[in-house]
Amino acid sequence: MTTCIDEVIELLRAELLNAEPAEYRQIESELELALAEREVIWAEQDGRISAEPPF
C-alpha cells in the first residue's frame with residue numbers, strides 16, 4: 001500500500017515542477033492530501049493509531 005502512495009507522491013511532485021500557474025494550486029492540494037494519507041498509513045502500521053472504528 002505504501003509503495004502506491006509513494007508513487008503518487010512522486011508523480012505529483014514531478015507535475016508540480018512543470019505545472020502551469022493555473023494548475024499549481026490544484027496539484028499542490030493533491031500533494032498535501034497524498035502526504036497526509038501516507039502519514040496515516042504509517043501511523044496505522046506503527047500502531048500509533050487504530051484503523052478500527054471506535055464502536
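The values are calculated or read from the model by the stated rules, or taken from the named source; none is laboratory data. Here the structure is a predicted model, which means the values were calculated and not measured. Don't worry about glycine lacking a Cβ; one is built from the backbone with ideal geometry, like all the others, and counts go over all protein chains shown. In case anyone asks, the SASA skips ligands and DNA or RNA and just uses the protein heavy atoms, side chains included. Shrake-Rupley method; radii C 1.70, N 1.55, O 1.52, S 1.80 Å.
A few notes on this one:
- Sites Glu23 and Thr3 - FRET efficiency at Förster radius 25 Å, r taken between beta-carbons, to 0.05: 0.45
- Linear extension gain, Leu35 paired with Ser50, 0.36 nm per residue minus alpha-carbon span: 3.5 nm
- Remark: accessible surface ordering of Ile5, Ile49 (largest first) is Ile49, Ile5, probe radius 1.4 Å.
- Mean accessible surface per residue for the chain, computed with a 1.4 Å probe while every protein chain stays in place, in Å²: 80 Å²
- Among (i) 18, 10, 10; (ii) 22, 10, 9; (iii) 28, 12, 6, the entry derived from the coordinates for semi-axes √(5λ) of the Cα gyration tensor in Å: (iii)
- Net charge, Thr3 excluded, C-beta distance under 15 Å - Lys, Arg +1, Asp, Glu -1: -3
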